[in-house]
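Since the structure comes first, as structure tokens, the remarks are kept for the end.
The values are calculated or read from the model by the stated rules, or taken from the named source; none is laboratory data. Keep in mind the model is a prediction, meaning the values are calculated, not measured. Don't worry about glycine lacking a Cβ; one is built from the backbone with ideal geometry, like all the others, and counts go over all protein chains shown. The accessibility values were calculated without ligands, DNA or RNA, using every heavy atom of the protein model including side chains. Shrake-Rupley method; radii C 1.70, N 1.55, O 1.52, S 1.80 Å.
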Amino acid sequence: MYQIVSKRFLNEAQNTIEMVVKAPLVAKKCLAGQFIIFRVDEYGERVPLTIADYDREKETVTIMFQPVGNSTKMLAELNVGDYIMDFAGPLGKPSETKGFKRVAVVGGGVGCAIAYPVAKAIHQTGAEVDIIAGFRNREIVMLEDEMRASCTNLYITTDDGSYGEKGFTTNKLEALIQSGVQYDEVVAIGPAPMMKFVCAVTKPYGIKTIVSLNPIMIDGTGMCGGCRVSVGGKTKFACVDGPEFDGHEVDWDELIKRNGFYKTEEKNHTCRMTGGVRHG
Amino acid sequence: MANMNPKKTPVPEQDPKIRATNFEEVTLGYTEEMAIEEAKRCLNCKNPLCRNGCPVSVRIPEFIAKVAEGDFETAYEIITSTNLLPAVCGRVCPQEKQCESKCIRGIKGESVGIGALERFVADYHRTHKKENASLPVSNGHKVAVVGSGPAGLTCAGSLAKEGYDVTVYEAFHKAGGVLVYGIPEFRLPKKIVHEEIDHLTALGVKIVTNAIVGRSFSIDELFEDGFEAVFIGSGAGLPQFMNIPGENLLGVYSANEYLTRINLMKAYLDEYDTPIKHFKNIAVVGGGNVAMDAARCAKRMGAENVYIVYRRGMDELPARREEVHHAMDEGIEFRLLNNPKQILGDENGYVRAIECVEMELGEPDASGRRRPVEKKGSEFTIDVDSVIISIGTMPNPLIKSTTDGLETTPKGCIVADEVGKTSRDGVFAGGDAVTGAATVILAMEAGKKAAAAIDAYIKNK
């Protein structure tokens, strides 16, 4: 059992939650880019979430999530002092953070929760880091101070222009590249379509682009194969071979289809909180 | 008087039509009367060959003699002196290839039902036991066991009995390994696995779940934490795919994923959140026990047509006969001498059919089985909405890639000698992690031998 030691909303819209969880085994070893798998209770699914931060002394791990599916909604119901039944990790390979001069880290929405620790880790090596953080609107902007403290330049974009610059992360990234900024690498973390478009922007310039994938999985140790993705024409398991891959090699259309596989089941699921079938 | 009936006392089973719709145990087991009657068929041979056929050398004639006397508790003590998981073995061991294949009664009739008797004794004990096992006297030595499947549990239990302070690390949230994620409820009820594990924790074995060795900590760190020896029984968890077109279409599963969703994550029970698709027509590719388990689960999940697609013939099926018969009785269709060429999808990426080619058997290959050869131009398709790939598993690369100096084969199996010693001092290994995918009982044998080797290693240090 893993106790929740703090909980807060990360944005005005209150749709993204940060939880700090006491998990000594995970906190001892985890690095940026790795993930955990949680299970709320005996009846819950095993759900992967990327580690947003950790404190080795306090033996805690920070996760950030949006309550969108059944399991994340159940998790969101828990409060400080409550226990999460299972919290396994760290899983996956850590991010490559060393050996860069200048890197652009692109985060989309709640993906910023993962982009932020990666940016921080790269920035700590002495590299220059530009963070481009994109949100739909002002209400869901999150982690602004934390990101600003972990990079050289922070650029915030909103789709509707209600905060920062109007437009998508891809517009900003392309503008920066065209203005002559030389990036050794671009890291893109967010919804699959955003990562796909970031890769489309960087490809003509030949800038290596790393993406962090979060496909459907059960165990996270290579045992189920549910998380398989095609990378460079070969099948890879995101849990053990990733979660980070060369975005130019990923078969995005296949990944996006596979991630939607259980949409119907999720929709028609009998909710244990409300007792009713929830549609949409 | 010996019972000279040439046939085994039949073991009652659930009716195939009914059981194909539920997850309750298929085989119901002997009553006391049936067990005594069957036990009397044993001739109590002076030189019991059956015992040689058992990887953990259960004292078979001795325990059967006690069953014949109606002294079931003594029979239980005799079995558990060499086998720590009798309720599991009585259910899932391939007895027809082991103990029962050596039985003298099998020459002119059917062998003694050793497996059914073992199961009866274990179940009798489970329902009648009164006392709690007393904790063995501690010898002050710490041993870590990686993986809580049959190899790890047997190794842990054997060492705990000798007084070792044993901690078992399990990556999943529940202990049991393949016994809980792989083998379905209707073949091995999870309650029984949990009770056998409780029996080990009563001996003092500690189990730490959600602990991924190779990620949460390394083998080297276990030594730093004061463990004097480590046993790796991490199994063969990495599913293999065929590398044919269409394997990433929606509706293609590894047998591991499909079975884990159902068995460990209990997708067949409404109160669990685990999503699962209810397919109409399912092709299971492969002919082993895991393929049979997946096919029979698919039927129970409501599939109308479930096909076993296997590239060799009936005689070559690696699954136990009993499993093949159970599958057939439940209406699984066998498409033998058929080899998948590709999986075909619709415009949205969902599986719509599997294309196969007919095969014929040629000369025997390295495994001694006749090699299947394609019949040119015999391609055909079967309409399915799901394909479950069950062509085997390989050891998980996590420990190998995070442990310096641990020698492995090109296939990723840990190199270990017959008692489980690896290339690293103090590190022992056994079960599927060493052999590649094999059986529960062979893993138990390896766990048991390694426990003895660890005991000798620590005492001679």
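Structure values in brief
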{"read-out": "Number of the exception - A:A104 against (1) more than 25 Å from A:F135 (Cβ to Cβ); (2) in the same structural domain as A:V129 (by TED's automatic domain parsing); (3) in contact with a helix residue (DSSP H, G or I) (Cβ under 8 Å, 6 or more places away or on another chain)", "value": "(1)"}
{"read-out": "Some residue of segment A:233-241 being aliphatic (A, V, I, L, M) and over 15 Å from the mean Cα position of the chain (by Cα)", "value": "yes"}
{"read-out": "Tally, over segment B:121-143, of residues that are open to solvent by less than 20 Å² (accessible area, probe 1.4 Å) and within 27 Å of B:S234 (Cα to Cα)", "value": "2"}
{"read-out": "Scan of segment B:401-426 for residues that are within 14 Å of chain A (Cβ to nearest Cβ) and either buried (at least 19 other Cβ atoms within 10 Å of the Cβ) or within 23 Å of the chain's Cα centre (by Cα) (or both), ordered by number", "value": "B:G412"}
{"read-out": "Residue identified as crowded, with 19+ Cβ neighbours inside 10 Å, in contact (Cβ under 8 Å) with a residue 12 or more places away in the chain, more than 22 Å from A:C30 (Cα to Cα) and β-branched (V, I, T) among B:V168, B:V180, B:V146, B:V213", "value": "B:V180"}
{"read-out": "Count of residues meeting criterion [open to solvent by less than 20 Å² (accessible area, probe 1.4 Å) and part of a helix (DSSP H, G or I)] in segment B:286-299", "value": "8"}
{"read-out": "Qualifying helices (runs of 4 or more DSSP H) (wholly inside segment B:184-274; at least 3 residues being at the interface with another protein chain (Cβ under 8 Å from one of its Cβ atoms))", "value": "B:255-263"}
{"read-out": "Tally, over segment A:77-123, of residues that are away from every other protein chain (no Cβ under 14 Å), touching a Lys or Arg at 6+ places or on another chain (Cβ under 8 Å), under 19 Å from A:P24 (Cα atoms) and among the small types (G, A, S)", "value": "0"}
{"read-out": "Contacts under 8 angstrom Cβ, first residue in segment B:232-250 being more than 19 Å from B:G176 (Cβ to Cβ) and touching a residue at least 60 places away in the same chain (Cβ under 8 Å), partner charged (D, E, K, R) and assigned to a loop (DSSP other than H, G, I, E, B), 6 or more apart", "value": "B:F241/B:E247"}
{"read-out": "Yes/no for A:R56 being of a type in the set (D, E, K, R), open to solvent by 10 Å² or more (accessible area, probe 1.4 Å) and within 14 Å of chain B (Cβ to nearest Cβ)", "value": "yes"}
{"read-out": "Answer from B:E118, B:E38 - the residue that is on the phi < 0 side of the Ramachandran plot, in contact with a Cys (Cβ under 8 Å, 6 or more places away or on another chain) and open to solvent by less than 30 Å² (accessible area, probe 1.4 Å)", "value": "B:E118"}
{"read-out": "Residue that is nearest to B:P189 (Cα to Cα) [pool: residues in segment B:275-285 that are buried (at least 18 other Cβ atoms within 10 Å of the Cβ) and away from every other protein chain (no Cβ under 14 Å)]", "value": "B:V284"}
{"read-out": "Some residue of segment B:59-80 being surrounded by fewer than 19 Cβ atoms within 10 Å (Cβ to Cβ), of a type in the set (S, T, N, Q) and touching a Cys at 6+ places or on another chain (Cβ under 9 Å)", "value": "no"}
{"read-out": "Output for segment A:21-48, where each listed residue is open to solvent by 20 Å² or more (accessible area, probe 1.4 Å) and more than 10 Å from chain B (Cβ to nearest Cβ)", "value": "A:K22, A:L31"}
{"read-out": "Scan of segment B:142-179 for residues that are among the acidic types (D, E) and over 23 Å from A:D219 (Cα atoms), ordered by number", "value": "B:E162, B:D165"}
{"read-out": "From the options B:N44, B:N22, B:N3, residue that is under 30 Å from B:C297 (Cβ atoms) and in a loop (DSSP other than H, G, I, E, B)", "value": "B:N22"}
{"read-out": "Condition broken by A:A76, with the remaining ones in (1) under 19 Å from A:V211 (Cα atoms); (2) among the small types (G, A, S); (3) in contact with a Phe, Trp or Tyr (Cβ under 8 Å, 6 or more places away or on another chain) satisfied", "value": "(1)"}
{"read-out": "Within segment B:25-41, tally of residues that are under 30 Å from B:M265 (Cα atoms) and assigned to a helix (DSSP H, G or I)", "value": "0"}
{"read-out": "Boolean, A:F245 is touching a residue at least 24 places away in the same chain (Cβ under 8 Å), within 9 Å of another protein chain (Cβ to nearest Cβ) and open to solvent by less than 20 Å² (accessible area, probe 1.4 Å)", "value": "no"}
{"read-out": "Filtered residues of segment A:114-132 (kept if within 20 Å of A:F168 (Cβ to Cβ) and in contact with an Asp or Glu (Cβ under 8 Å, 6 or more places away or on another chain))", "value": "A:Y116"}
{"read-out": "Residue count, segment B:81-109 (criterion: open to solvent by 30 Å² or more (accessible area, probe 1.4 Å) and either part of a helix (DSSP H, G or I) or modelled with pLDDT of 95 or more (or both))", "value": "6"}
{"read-out": "Some residue of segment A:184-197 being within 14 Å of chain B (Cβ to nearest Cβ) and of a type in the set (K, R)", "value": "no"}
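The rows are residues; the columns are (1) part of a strand (DSSP E or B); (2) closer than 30 Å to B:S216 by Cβ.
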position: B:Q342; (1), (2): yes, no
position: B:E347; (1), (2): no, no
position: B:C356; (1), (2): yes, no
position: B:M359; (1), (2): yes, no
position: B:P372; (1), (2): yes, no
position: B:G377; (1), (2): no, no
position: B:T381; (1), (2): yes, no
position: B:I388; (1), (2): yes, no
position: B:K400; (1), (2): no, yes
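Yes/no per residue for (1) touching a Cys at 6+ places or on another chain (Cβ under 8 Å); (2) open to solvent by 10 Å² or more (accessible area, probe 1.4 Å):
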{"position": "B:I219", "(1), (2)": "no, no"}
{"position": "B:M242", "(1), (2)": "no, yes"}
{"position": "B:I262", "(1), (2)": "yes, no"}
{"position": "B:D270", "(1), (2)": "no, yes"}
